[in-house]
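Encoded as structure tokens, the structure appears first; notes follow it.
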Amino acid sequence: MSVTGTPDGPPLRAGFALGDDLAGWIGAMGAMAALWHRAATGEGQHVDASLVDALLYASDMGVMAAANAGHVLRREGAGAEGAAPLNSYPTRDGRHVFIHGVFDKA
């Protein structure tokens, strides 16, 4: 939560159960791979899906960068360092569109 939210606001939780959803997806992929292996070899497999492992996988540029490169994570709101435009923008019909210009320096 320390990296979710705006820089001047309180930490926010993720909008959905990210760890649960990702671990379920990883478990399903593991089950499919195990079924493929069984069809090819006749051997069974052990599938292990961890919530923590799933979240570490999803934070490839976050937790791993902090742990291995000394990068300090901070709340950036809808923006991100090194990308512009990157935000949710209102449209004429009252909806919003999200635009992310990857590494297009501002």
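Computed from the coordinates by the stated procedures, all read-outs in this text should not be read as laboratory data. Fair warning: this is a prediction, and the values are worked out from it, not measured in the lab. With ideal geometry, Cβ positions are generated from the backbone for all residues, glycine too; neighbour counts draw on all protein chains shown.
Some notes on this structure:
- Here the Karplus relation 6.51 cos²θ - 1.76 cosθ + 1.60, evaluated at θ = phi - 60°, turns the backbone of the stretch 65-70 into coupling constants of 5, 5, 6, 9, 10, x Hz, with x for every Gly and Pro.
- Each residue of the stretch 33-42 is assigned a 3J(HN,Hα), and the resulting list reads 5, 5, 5, 5, 4, 5, 5, 7, 10, x Hz, derived from the Karplus form 6.51 cos²θ - 1.76 cosθ + 1.60 (θ = phi - 60°), x at Gly and Pro.
- Measuring r between the beta carbons of ASP21 and SER88 and using R0 = 22 Å, the FRET efficiency lands at 0.55.
- For the stretch 6-13, Karplus couplings with θ = phi - 60° (6.51, -1.76, 1.60), whole Hz, Gly/Pro x: 8, x, 9, x, x, x, 10, 7
- Taking the convex hull of Cα positions in the stretch 16-68, its mean projected area over all directions (nm²): 4.4 nm²
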